[in-house]
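Report on the following structure.
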Amino acid sequence: MAARRRMATGGGIGGGQPGVTGERKPAVVASLLVTNIGQLVTGDPRLPAPGVVEGAALAASGDRIAYAGPTSGLDVATGPDTIEVDAHGAAVIPGFVDAHTHLVWLGERSEEYALRAGGASYEEIAEKGGGIRSTVAATAAGTVEDLATAARERARRMLRLGTTTVEIKSGYGQSLEAELRQLRAARALGEQADLPDVVTTYLPLHGLPDGDRVEYLEGVLHEGLRAAAPLAGFVDCFCETGAWGVDECERLLVAAREHGLRAKVHADQRSHSGGSALAARVGAVSADHLDHADDEDLRALAVAGVAGVLLPGASMVLGGAPPPGRRLLEAGATVALATDCNPGTCWCESMPLMVALGVATAGLTPAEALTAATAGGAAALGLSDRGRLLPGLRCDALVLETPRWLDVGYHLGANPVAQVIAAGRLVRR
Ligand code: NIG
Ligand code: FE
């Protein structure tokens, strides 16, 4: 027999309401119910950011949120199969959406880390054969299983740190087949229920090829896009001095449209090289990095509805300009925070650390940073079904170790996550 939870009438976001005749609609039977939440961060845009409801409950029916709101309005039924979680006053926040990673790689570049600490620049190291080229050498020959095994460990760490959706790029293959193997490995992770949901991005213009770049680009345009389209949702390019030029990137992004691949750009990361303006011009879903974007670029992104993805870990590791969080918000753009997890510029799986860095270095308030790491990440992936805790959205939520959502950024370097709920299932206690 299903037991009915009803603490009071009405008031809840999405609770069952009395019918016009006065009879009550049958309550939804929750598959998961979290009670005794101290602070529930909903991301509800009708509330002051980040949309905190005190004394709350969260219920899922299957993979969707059936109720998110004050305990007083809770109206769901529980049955023998309902998983019940007592949060004991802890905070609950949306799962993190990490919208920019290069998770599939083999090998490592710790030596470059030490060289940079000794004064060598990222560009100098790349010119001497290190950088992306060295990861391509280690990664390109890997089988799908080799690649998935290496990436799985990183994805597990991400999930433990609260990431419930992760974008994964290719980019360390360079030959068509090697790039496709990276995409297949990324998709294999996405099929595992105990790992974050995966969104894949084909990144054929990353490091420069050993052979002729014109020939390589033609191969990507005429063969690569068609082959990658069934395996990826997005296409991306490293638009930068010393990497790929604006014209080359534009050809790629425009050609990708015919294959249903939406655009992303590594834009103005190391110099003001025109990537943001390109992203705005082609109507990309996101422009990422932006460390050297000027105010005109940021306004253009806002007007074109392009989300700005900030990667404060990479900015910090490379020691350059901090990412323009405040300026992006003032321009009116959507801001996302992501890890950029990669072996060269930021080996980091932690979104809580990115929230802290977003506040410490990018000029964001804690509420803006948390929103950027959840709803902002979802926007940067074109996903309207997650990133907030509202009825009808995917139930991706984190029960924290602490009663305060502010501790996510405040407790620097810690893992604030006690329990992870992904698509309505408790995947990690
Ligand atoms: O986002 N900037 C280009 N791509 C990566 C770094 C890749 C690498 O160094 O392996 C980034 O920072
Ligand atoms: Fe990147």
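Each other residue within a Cβ distance under 14 Å of Leu426 adds +1 if Lys or Arg and -1 if Asp or Glu, for a net charge of -2. Using a probe of 1.4 Å on the protein chains alone, the accessible area found for Trp405 is around 30 Å². Hydrodynamic estimate: the Kirkwood radius of segment 96-380 over Cα pairs, inserted into Stokes-Einstein at 10 °C and 1.306 mPa s, corresponds to D of 87 µm²/s. Over the chain, accessible surface divided per residue gives 38 Å², non-protein components excluded, 1.4 Å probe.
Close amide H contacts of Val29 (hydrogens built in the peptide plane, cut-off under 5 Å, sequence separation of 5 or more or a different chain): Ala77.
Comparing mean-square fluctuations of Ala155, Ala120, Ala30 from a GNM of the chain with C-alpha springs under 10 Å, the top value falls on Ala120. Between the C-alpha center of segment 134-149 and that of segment 271-338 there is a gap of 30 Å. The magnitude of the dipole of the chain, with charges of +1 and -1 set on the Cβ of Lys/Arg and Asp/Glu and taken from the Cα centre, is near 1540 debye. Under the definition of Cα pairs under 8 Å and six or more residues apart, what whole-number percent is the relative contact order of segment 96-380? 18 percent. Across segment 215-227, computed HN-Hα scalar couplings (Karplus, 6.51 cos²θ - 1.76 cosθ + 1.60, θ = phi - 60°) run 4, 4, 4, 4, x, 5, 5, 8, 10, x, 4, 5, 6 Hz from first to last residue, x flagging Gly and Pro. Work out the charge dipole of segment 96-380 with +1 on the Cβ of Lys and Arg and -1 on the Cβ of Asp and Glu about the Cα centre, then indicate which of Ala369, Val246, Leu261 is farthest towards its positive end. Checking the options against the dipole of segment 96-380, the answer is Ala369. In the frame of its principal axes, segment 125-230 has Cα extents of 42, 33, 21 Å, reported largest first.
The values are calculated or read from the model by the stated rules, or taken from the named source; none is laboratory data. Note that this is a predicted model, so its numbers are computed, not measured. So basically every Cβ, Gly included, is an ideal-geometry build from the backbone, and we count neighbours across all protein chains shown. With ligands, DNA and RNA removed, areas are computed over all heavy atoms of the protein, side chains included. Shrake-Rupley method; radii C 1.70, N 1.55, O 1.52, S 1.80 Å.
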